[in-house]
Amino acid sequence: MEKETATIFAPATPVGETSVLVVRISGKDSFPVIEKIFSKKAEKFSGLDMDDVPTHTAHHGYIFEGAEIVDEVVVTLFKSPNSYTGEDVAEISSHGGRIIFKKISELLSGCGLNHAEPGEFSKRAYLNGKIDLTQAEAIADLIRAKTELSYKAAKNQLRGVISSKINNLRNELINTCSLVELEIDFTEEGLEIIDKQSLISKLDNVTNIVYNFANSYQSGRIIRDGINLTISGKPNAGKSSLLIIFSMIAVQL
């Protein structure tokens, strides 16, 4: 439980020779740490008072390690619960470079923050009710998408299209079960609360929805992961031409 509530940080952009490096911090100690290391002025340390700072605001200034400036940065603040993880979140946008990330990382670790594990920001977003499991999976699918079709599928899943369908199915099942139980309760009294044919139609509808979900698994997996294809044949039989055609189709998808 202590690990789940610890304040974490990690680079949100690739670390290397880039123009901008973004380090994301999430947790209850995000803002106290920023107050310790971020100054609006370079001449002397002049920190932010988080009580007076609105959420979703960006602030230009400098990261300090003691009396030394580490880098000129922009800090963006997102107050709980209006953030990706549902916690207090701060993002430090500095110049790119491994040495700068090393210094910022060591500074944050020295303030008691933990390195985030892979996917831990999305995990916290799920635990705090910001996204559900299907949306958490969609984030990874969206990042790995290689075709237009897989991109669209992941984007729709992230928007909650699948979640909405599952919730509708759940509500339909609950309503149908309620009607069945109601019918059972009043059977001995000879009362027909609901037309049996109507109840059968509702059950058939639920069954069809479940079957459609199950049948879409294979096609969805192909869209996400692609397929392994072997083209074999005699020399000069047109294998290369077929490969080019398949490649053109895949690009269009």
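FYI, it's all coordinate maths here, none of it is from the lab. All values reported here derive from a predicted model rather than from experimental measurement. When we count neighbours, we look across all protein chains shown, and the Cβ atoms used for this are built from the backbone with ideal geometry, even at glycine.
The figures follow:
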quantity	calculated
Residues satisfying the stated conditions in segment 1-22, i.e. surrounded by 13 or more Cβ atoms within 10 Å (Cβ to Cβ) and either under 14 Å from residue 120 (Cα atoms) or touching a Lys or Arg at 6+ places or on another chain (Cβ under 8 Å) (or both)	6, 7, 8, 9, 10, 11, 12, 15
Checking residue 65 against (1) surrounded by 17 or more Cβ atoms within 10 Å (Cβ to Cβ); (2) in contact with a helix residue (DSSP H, G or I) (Cβ under 8 Å, 6 or more places away or on another chain), the condition it does not meet	(1)
Where a residue in segment 193-218 is on the phi > 0 side of the Ramachandran plot and touching a residue at least 12 places away in the same chain (Cβ under 8 Å) and its partner, wherever it lies, is surrounded by 12 or more Cβ atoms within 10 Å (Cβ to Cβ) and outside any helix (DSSP H, G or I), with Cβ under 6 Å and at least six apart	none
Hits in segment 108-119 (condition: surrounded by fewer than 19 Cβ atoms within 10 Å (Cβ to Cβ) and either touching a residue at least 12 places away in the same chain (Cβ under 8 Å) or part of a loop (DSSP other than H, G, I, E, B) (or both))	111, 112, 114, 115, 117, 118, 119
Flag for residue 100 being assigned to a helix (DSSP H, G or I) and in contact with a Ser or Thr (Cβ under 6 Å, 6 or more places away or on another chain)	yes
Residue, nearest to the chain's Cα centre (by Cα), within segment 202-229, restricted to residues that are assigned to a helix (DSSP H, G or I) and among the aliphatic types (A, V, I, L, M)	223
Subset of segment 230-247 (residues that are part of a loop (DSSP other than H, G, I, E, B) and surrounded by 10 or more Cβ atoms within 10 Å (Cβ to Cβ))	231, 237, 238
Matching entry among 76, 85 (being touching a strand residue (DSSP E or B) at 6+ places or on another chain (Cβ under 8 Å), of a type outside the set (A, V, I, L, M, F, W, C), at negative phi and in contact (Cβ under 8 Å) with a residue 24 or more places away in the chain)	85
Index of the failed condition, residue 130 passing every other in (1) within 30 Å of residue 31 (Cα to Cα); (2) assigned to a helix (DSSP H, G or I); (3) not β-branched (Val, Ile, Thr)	(2)
